[in-house]
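See below for the structure under consideration.
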């Protein structure tokens, strides 16, 4: 499902080009492919003959770049672009990236970030006490202040110094007059890949689907703790720390990434199909049809149908043209908003026992509305199957859920959720089933996945968020062993 429907969002998408005369145009195209990762704002910085030039704004990429000259003004041999959904910092223009910093002595620097820094509040407080002045409320800006305060003598050394001071989940990209730089956190929570353009230029971006769209050839994923340096001498793969352990965000495979992307060698669509097959093995049910919730659940629904032998049908249709900024002025219209985005095909579902496959269950509000759509279309029974484990713990690495109060599964048993959602049965994929379905070739815990949202086992200290989470969990009963009813 798109974030317009589900209400679960990831922070942003990154796209950068070095050494191509059409860098800004390629970046613009690449950001379109990454639009699903952030729909709040967009921006591109171009390295032109006149120096660094930026254009940014609130809204979708096509809403920000409405005139040809806006993109034409950015043309040069390098560019850095960003599409944003905020997890830290508000929805204001100052937070729309790339951030651009002007320095008279060392040259300008553009900075973009995907993820969330768990110690940003503490670092910002220390920096402000030391006289730092911030231009935004985004946690991203902290990195630039750390770079400028480093006592190292080269930019790369200063960058490494700064990267070793920030914690959490991050993929950073920086553009200077001398190079393009990319870094991944020590756990590789957020994806970042490197590719080569046909004319020899270099692309670094959030997903391989964006590489494919601009005709770039995949080279490799940016490794946990890795630092990629691209300049006139070529591409160098370095690192800023060796204290690493792969823990890719499992929600990338479950929900966020495009199905045509590959993350650490695993195709997202095929992983989702395997999740669906495993779900059918773990949580079978007698039914007439299987249907998925468009769009990110369709692969898992296919897998469930394949394994169960129950026919796959298109029981729900999603409108592609509902305005992202549609505002419902009354409660009645707000409750009907899902009907503007989804509709049930009555002849397909009427009188049928339906297996409804969705990729995740967050707050439950949308699921209730979808169930009602199917009931109103005449479904005989609805068996909700979720192709991920119950989301019971918040994320602090770049997803916009940072409280247990927002999570349905953290506050209700599966039996209670079944009643609240109005379904005949409800069941989830197991954590082991998820890990084995993704099937990363890693010896790290949980096969190289971060499954903290389901288990409460966070791969890193939570720094500024630790006390709040402990307080919430102390007041909340969570039966982590219950995955079906």
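For helix 365-376, report the angle its Cα long axis makes with the longest principal axis of the Cα atoms of the chain; keep it between 0 and 90° and round to the nearest 10°.
40
Where does helix 268-282 land angle-wise versus the long Cα axis of the chain, in degrees 0 to 90, nearest 10?
With rounding to tens, the tilt is 30 degrees.
Please report 359, 464, 20, 424 as a ranked list, fewest other C-beta atoms within 10 angstrom at the top and most at the bottom. Let's see the in-between values first.
Numbers: 359 28, 464 19, 20 23, 424 16.
Lowest to highest Cβ neighbour count: 424, 464, 20, 359.
Which stretch or stretches of region 181-195 have amide N atoms under 14 Å from the point lying 7 Å from residue 236's Cα along the Cα→Cβ direction?
181-182
Taking neighbour counts of Cβ atoms within 10 Å as a proxy for exposure, in what order, fewest first, do 260, 19 appear?
Ranked by crowding around the Cβ, least crowded first: 260, 19.
Separation between the residue 126 and residue 66 pseudo-spin-labels, each 7 Å from Cα along Cα→Cβ, expressed in nm?
4.4
What are the extents of the Cα atoms of region 7-244 along their three principal axes, listed from largest to smallest and rounded to whole Å?
For region 7-244, the Cα spread along each principal axis is 43, 39, 36 Å.
If the label point is 7 Å along Cα→Cβ of residue 457, which residues in region 253-271 have backbone nitrogen under 20 Å from it?
253-254
Which semi-axes, in whole Å and largest first, does the equivalent ellipsoid of region 111-181 have when worked out from the alpha carbon gyration tensor as the square roots of 5 times its eigenvalues?
For region 111-181, the semi-axes come out at 18, 15, 11 Å.
On full extension of the chain, what length is gained from residue 177 through residue 380, given 0.36 nm per residue of separation minus the C-alpha to C-alpha distance?
Extra length available between residue 177 and residue 380 comes to 66.7 nm.
Computed over the Cα atoms of region 333-485, what is the ratio Rg over Rh, Rh following Kirkwood?
Expressed as Rg/Rh, it is 1.01.
Can you give the Kirkwood hydrodynamic radius of the chain from its Cα pairs, in Å with one decimal?
23.1
Efficiency by 1/(1 + (r/R0)^6): what FRET value for residue 21 and residue 243, r their Cβ-Cβ distance, R0 = 35 Å, to the nearest 0.05?
So the FRET efficiency works out to roughly 0.30.
Taking 0.36 nm per residue of sequence separation and subtracting the Cα-Cα distance, how much length would be gained by fully extending the chain between residue 152 and residue 165, in nm to one decimal?
Contour length minus Cα-Cα distance gives 3.3 nm.
Which FRET efficiency, nearest 0.05, do residue 94 and residue 402 yield, Cβ-Cβ r, R0 25 Å?
Step by step, r from the Cβ atoms, then E = 0.70.
Modelled label-to-label distance, residue 439 and residue 319, 7 Å Cα→beta-carbon offset: nm?
Here the answer is 4.0 nm between the modelled labels.
Need one number: nm distance between label points at residue 368 and residue 133, each 7 Å from Cα along Cα→Cβ, rounded to one decimal.
4.9
Where a number appears in this text, it was derived from the coordinates with a stated rule and is not lab data. Only a predicted model underlies this, so the values are computations on that prediction, with no experimental measurement involved. Glycine gets a Cβ as well: all are built from the backbone with ideal geometry, and neighbour counts include every protein chain shown.
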